[in-house]
Structures are given as structure tokens and as C-alpha cells.
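To keep things clear, I will list the structure first and then write my remarks on it.
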Amino acid sequence: MTTGRVAILLAAVVVAMAMPRIAGPSWRVIAMPNQMRLMEGRPVQWESETMFRTMKAMVTDLPNEALYPPTFGFSTDEYRAILPIFTASVIASVVGSLYWGSMLADLSWWWGGAVCTVALLGRLGVSRGVAVMAGMLTAVSPLGVAYVGSGNLHAASSLSLPIFATAIWDALFVAHPRPLLAGMRVGILLFAASLTYTYQWVLIPTFALVIAVQARTGARGLSLLAGVVVFGALTICARQALALIGLPINAHINDPLAVLLGGEGASGTPNSLANAVSAGLMAVNRWVQNAPSVFADTVWSYHPIMVAVAVVGCLHASRPVLAWVGAASLVAFAQGLIYSVPWVTMTAFPYLYGCAALGVHVQSTLLQKKLAMVYALGDVSPKRVRSIIAGAMMVVLTLSTNLDVIGIDWYVVKWWGFWYVPH
């Protein structure tokens with residue numbers, strides 16, 4: 001299947017997943033109706049206010065003081081979604097609607113994430129058919145479905161990970177042989193990732209772990225280190241520039257740096273070193289106690305059926321694929337110990353969906369061989385039988401997390417966990 005046909009297929013799957021949540025109730029409406037507000041007559045989640053006001057700042061000439069009052073300011077929620085907000089603003093200026101601008105931006109980034117999942121797995125040596133199935137699993141993932149129609153651009157942010165992972169992979173493993181030049185490219189990409197979501201904290205440790213276990217990786221390690229330095233410098237410059245134009249960033253209470261330093265949340269002011277150490281030790285103890293529940297949360301975030309099929313795929317995966325899924329899963333689990341929510345525990349999704357697709361391929365091949373031994377299939381080709389079995393398995397995996405389209409909402413409630421509000 002050509003790249004163009006794959007892109008068209010994945011676009012159709014994304015639209016098919018989005019339409020029932022646009023025309024009917026979104027996951028947010030099902031799980032937490034008390035958090036919904038109206039925007040242009042459509043229900044959106046209340047936090048989308050921050051996204052819409054920044055979109056207004058980009059498409060209107062209203063002064064900063066009118067959109068960013070000192071009591072609320074410019075928050076890290078907006079800073080870490082600037083690129084999706086910009087995308088939504090450009091689309092809104094064309095279609096004349098902030099709501100549909102944000103909706104189409106969500107779909108665009110969602111589709112891009114699915115396409116880049118195929119590209120990323122192809123770079124890891126996964127066969128084309130398996131990579132395309134992994135892209136389809138990304139297109140039907142709760143990371144997109146759960147947010148479409150909410151207006152907060154979280155679908156765009158969550159599905160951006162494969163886009164930057166693919167670009168950074170190319171910079172480190174394919175692009176310029178000079179480490180420092182490759183590092184500059186990595187740093188710019190990490191900075192762009194930080195303006196889309198907080199995936200720089202996923203990408204840096206994941207690539208570091210994979211590079212560390214490879215042979216003769218000194219140049220790549222140097223490139224990654226240089227990229228981290230460039231990313232830090234660009235971040236400091238960007239934040240200073242925002243402060244100069246009257247938009248200093250107010251740290252979110254769950255800002256990673258504030259959490260790790262034992263800070264005081266929204267104030268962004270760290271406590272004393274002794275208090276920080278004490279808070280850190282208490283956090284480690286809490287993480288150890290919470291490890292079993294975080295593991296269970298991770299399994300349910302993907303769905304147990306998806307995880308079971310992925311485990312089968314891992315048993316037949318190549319060493320490079322195992323290295324990536326292992327490193328990404330370790331990073332996701334560690335971050336889940338800090339903040340155990342689905343969109344954090346699922347940050348290994350490109351690689352786990354790759355293993356799940358490989359599991360589908362392996363099991364469909366085994367079932368085809370068993371059927372051929374038991375039944376006389378006549379002139380039916382083995383490839384056609386495998387395709388039918390694989391297609392049926394993909395339907396089961398899709399339905400496992402999308403039964404809300406026929407009114408069965410239990411998985412939506414399970415996925416949102418403690419945010420669920422009974423009707």
C-alpha cells in the first residue's frame with residue numbers, strides 16, 4: 001500500500017471515530033457533564049476557555065489585558081499547546097469559527113500522529129502491513145477519541161508524540177553525521193514538542209535509554225545531549241520573551257519541575273532544600289506503594305485485550321522493537337507514578353500499538369495454518385484467509401474501547417476514573 005493510500009485510509013478512520021462524538025455525546029459529555037460549557041452553541045470542556053482566549057489573541061486585535069487578566073495570566077497549559085492553538089487559529093480564520101477551528105486542528109494532529117506511527121515503526125524494521133495496522137490502532141485510540149469535541153485541543157497534543165519521535169529518530173539515526181549539527185536539530189524538535197505538549201519529558205529519557213543500550217553510540221549520545229542543551233536555551237529565551245511582552249507564565253499546580261522540586265504548585269516557588277529532600281523521599285515512598293495500581297491503570301487505559309495482544313506481539317518482536325517498547329514503557333510507568341492518568345500512562349502508545357499489530361499478524365497466521373489443517377479451504381488463498389482473520393481481530397480491538405457509539409458507556413467511565421460524575 002502506497003504512502004498516499006495509507007494517509008487516506010487513516011484520515012477516513014480518524015473521521016469515522018470523530019463523527020459519532022461530534023454528532024452525539026463526546027466522552028467528556030458522558031463522563032463529566034458538570035464540566036461542560038457552551039461555545040458557539042456546542043458543548044466544550046470548561047478548560048478549553050484558556051485555548052479559545054489564546055486563539056482570540058491570534059485572530060483578533062484585542063489587547064493582552066483584555067484576554068489575560070493578572071488573576072489568571074498566561075498558564076503552562078497554554079504554553080505547552082501553542083502549536084495546536086496556532087493551528088486551530090489559522091483554521092478558525094478560514095472557516096470563521098473558533099469551535100470548528102479547534103475541532104479541525106484536533107483531527108489534523110490526530111491524523112498526523114497516526115500517519116507518523118506507521119513511519120516510525122517502519123524505521124524500526126516493522127513490516128509495512130503491521131505498521132499500517134498500528135497506525136489504525138492509533139487512529140482509534142482513546143487518546144484521540146476521549147478528547148474530540150471537548151475544545152481543549154488535547155487530542156492534538158496527545159497524538160503529537162509519534163510526529164516528534166519520528167523526526168528526532170531521523171535526526172539522530174539518519175540525518176547529518178556531525179553530532180553538534182544533529183544536536184541543534186534535535187533541540188529545535190524538542191522545543192517544538194514542548195510547545196505541543198510536555199512530550200519532551202518522554203522523548204529525552206526514551207531516546208537516552210535506547211541509545212545507552214546500543215553499541216558504538218557515542219556520537220548519538222552527544223547529539224542528544226547537545227539537543228537537550230539547545231532545548232533548554234530556547235525554552236529560557238521563549239519564556240523571557242513572553243515575560244517582556246507582559247505574558248509571564250504561571251506554573252500549573254502539576255507542572256513537572258514544581259513537582260520534582262517539591263515546589264508550591266501554582267506559585268512556582270520552590271521550598272527550602274531540606275523540605276524538597278523530605279518531599280522527595282515521601283514521594284518515592286508513595287510511588288512504591290502506588291506501583292501496583294499504576295500498572296493496573298495502565299492496562300485499563302489501553303484495555304486488557306489490547307495489552308494481551310501486544311504481549312503476544314512482543315514475544316515475536318525484533319530486538320530493536322523490544323528495546324523501544326521497553327524503554328518507552330519504563331518511562332511511561334515512571335511518569336505514571338507521579339501522575340497516574342491515562343494520557344500519561346499511555347505515552348508508550350506508538351510502540352505498544354506496534355506490538356499489538358504484530359500480535360494480530362502472528363495470531364492470524366497461526367489461525368490460518370490451523371484452519372488449513374482442519375478444513376479443506378479449496379482455492380481460497382492463505383493470504384486472503386489471514387487478511388480476514390486479521391481484519392476481524394482489528395474490529396474486536398477497535399470495539400473494545402469504542403462501544404460508546406452504540407450506547408455502552410462502561411469503558412468511558414472506566415477510562416476517566418475518578419473524574420466520572422454520575423448523571
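The values are calculated or read from the model by the stated rules, or taken from the named source; none is laboratory data. Predicted model, so just to flag it, every value in this text is computed and none were measured. In this analysis, Cβ positions are derived from the backbone assuming ideal geometry, glycine residues included, and neighbour counts consider all displayed protein chains.
Answer yes if at least one residue in the stretch 312-333 is touching a residue at least 60 places away in the same chain (Cβ under 8 Å), among the β-branched types (Val, Ile, Thr) and under 30 Å from ARG286 (Cβ atoms), and no otherwise.
Yes.
Of all residues in the stretch 91-112, count the ones that are hydrophobic (A, V, I, L, M, F, W, C) and either more than 15 Å from SER157 (Cα to Cα) or not in a helix (DSSP H, G or I) (or both).
First, pick out the residues of the stretch 91-112 that are hydrophobic (A, V, I, L, M, F, W, C): 91-92, 94-95, 98, 100, 103-105, 107, 109-111.
Next cut, either more than 15 Å from SER157 (Cα to Cα) or not in a helix (DSSP H, G or I) (or both) only: 91-92, 94-95, 98, 100.
So the count comes out to 6.
Would you tally the residues in the stretch 217-246 being closer than 29 Å to PHE74 by Cα and hydroxyl-bearing (Ser, Thr, Tyr)? Give the derivation first.
In the first step, residues of the stretch 217-246 are kept if they are closer than 29 Å to PHE74 by Cα; the result is 227-246.
Going one step further and asking which of them are hydroxyl-bearing (Ser, Thr, Tyr), we end up with 235.
Total meeting the criteria: 1.
Could you please find all residues in the stretch 161-199 being crowded, with 24+ Cβ neighbours inside 10 Å and among the hydroxyl-bearing types (Ser, Thr, Tyr)?
Within the stretch 161-199, THR196, TYR197 meet the criteria.
For residues that are modelled with pLDDT of 85 or more, of a type in the set (S, T, N, Q) and not in a helix (DSSP H, G or I), tally how many sit in the stretch 367-423.
Residues that pass the stated criteria total 2.
Can you work out which of the residues in the stretch 180-210 that are in contact with a Pro (Cβ under 9 Å, 6 or more places away or on another chain) and assigned to a helix (DSSP H, G or I) is farthest from PRO84 (Cα to Cα)?
VAL210
Identify all residues within the stretch 10-39 that are under 20 Å from the mean Cα position of the chain (by Cα) and either among the β-branched types (Val, Ile, Thr) or in a helix (DSSP H, G or I) (or both); write none if there are none. Can you show your working first?
Restricting attention to the stretch 10-39, the residues satisfying the condition of being under 20 Å from the mean Cα position of the chain (by Cα) are 10-18, 21, 26-28.
If the condition is that a residue be under 20 Å from the mean Cα position of the chain (by Cα) and either among the β-branched types (Val, Ile, Thr) or in a helix (DSSP H, G or I) (or both), then LEU10, ALA11, ALA12, VAL13, VAL14, VAL15, ALA16, MET17, ALA18, ARG21, TRP27, ARG28 are the ones that fit.
Considering every residue within the stretch 170-182, establish whether at least one is touching a Lys or Arg at 6+ places or on another chain (Cβ under 6 Å) and in contact (Cβ under 8 Å) with a residue 24 or more places away in the chain. Steps first, please.
First, the residues of the stretch 170-182 that are touching a Lys or Arg at 6+ places or on another chain (Cβ under 6 Å): 171-172.
The next check asks that each one be in contact (Cβ under 8 Å) with a residue 24 or more places away in the chain; those that pass are 171-172.
The answer is yes; a qualifying residue exists.
Out of (1) modelled with pLDDT under 90; (2) surrounded by fewer than 22 Cβ atoms within 10 Å (Cβ to Cβ); (3) touching a Pro at 6+ places or on another chain (Cβ under 8 Å), the odd one out for SER97 is which?
Just one mismatch for SER97, condition (3).
Inside the stretch 210-237, can you point out the residues that are among the aliphatic types (A, V, I, L, M) and more than 25 Å from LEU124 (Cβ to Cβ)?
So the first thing to find is which residues in the stretch 210-237 are among the aliphatic types (A, V, I, L, M), and the list is 210-213, 215, 219, 222, 224-226, 228-230, 233-234, 236.
Of everything in the stretch 210-237, those that are among the aliphatic types (A, V, I, L, M) and more than 25 Å from LEU124 (Cβ to Cβ) turn out to be VAL229, VAL230, ALA233, LEU234, ILE236.
Listed here are the residues, each with its yes/no results for (1) of a type in the set (Val, Ile, Thr); (2) surrounded by 24 or more Cβ atoms within 10 Å (Cβ to Cβ); (3) over 25 Å from ALA241 (Cβ atoms).
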site: ARG80; (1), (2), (3): no, no, no
site: PRO84; (1), (2), (3): no, yes, no
site: GLY112; (1), (2), (3): no, no, yes
site: ALA119; (1), (2), (3): no, no, yes
site: SER127; (1), (2), (3): no, no, yes
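From the residues in the stretch 289-307 that are in contact (Cβ under 8 Å) with a residue 24 or more places away in the chain and among the aliphatic types (A, V, I, L, M), which one is surrounded by the fewest Cβ atoms within 10 Å (Cβ to Cβ)?
ALA291
Could you tell me whether the stretch 127-137 includes any residue that is modelled with pLDDT of 95 or more and in contact with a Pro (Cβ under 8 Å, 6 or more places away or on another chain)?
Looking through the stretch 127-137, at least one residue is modelled with pLDDT of 95 or more and in contact with a Pro (Cβ under 8 Å, 6 or more places away or on another chain).
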